[in-house]
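Take a look at the structure below.
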Amino acid sequence: MGFGRVGGMAEILSIRMRGGPVNSISWVRVLLDGSIELEFFDHGPEAESAFGNQVAWVYRIEAIEKPVLRGMLEAQTGQLIPGDEGLLGALAGLFESAWAIRDWLKEKGIAYSETFDSWA
């Protein structure tokens with residue numbers, strides 16, 4: 001797990017997550033507006049067969065939700081989570097993929113939006 005800067009823009013943090021289903025990749029990012037973006041990219045034959053392409057699901061947690069998210073993560077880990085890098089590190093450390101985070105957000109009642117891209 002490592003932090004990256006997306007598109008050479010120092011304001012955007014990104015971590016590629018460590019797991020998930022075979023033929024998938026997940027990222028968690030902090031965007032310029034402070035929101036958190038989760039991306040689940042499926043490049044496997046099942047996606048090709050079902051959708052005719054590689055596909056992606058993108059989940060966005062608005063910046064206003066970050067204090068609630070941080071509090072729940074701190075309660076779960078028993079540790080303080082400072083700053084956006086700490087928040088991304090906690091998400092990537094606790095969960096294998098964007099889908100795992102999405103499931104946890106649903107369970108905890110944290111609001112997020114979802115976009116599906118069938119032409120990823």
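Values in this text are rule-based calculations from the coordinates and carry no lab data. Values in this document were obtained by computation on a predicted structure and should not be read as measured data. Glycine also receives a Cβ, built like all others from the backbone with ideal geometry; neighbour counts cover every protein chain displayed.
Starting from the 7 Å offset along Cα-to-Cβ, what nm value, one decimal, do you get for the label separation of residue 62 and residue 111?
About 0.4 nm separates the two model spin labels.
Starting from the Cα-Cα distance between residue 16 and residue 33, subtract it from 0.36 nm times their residue separation and give me the gain in nm to one decimal. Present the calculation step by step, with values, prior to reporting the outcome.
Details: separation 17, 0.36 × 17 = 6.12 nm, distance 2.00 nm.
Result for the pair: 4.1 nm of gain on full extension.
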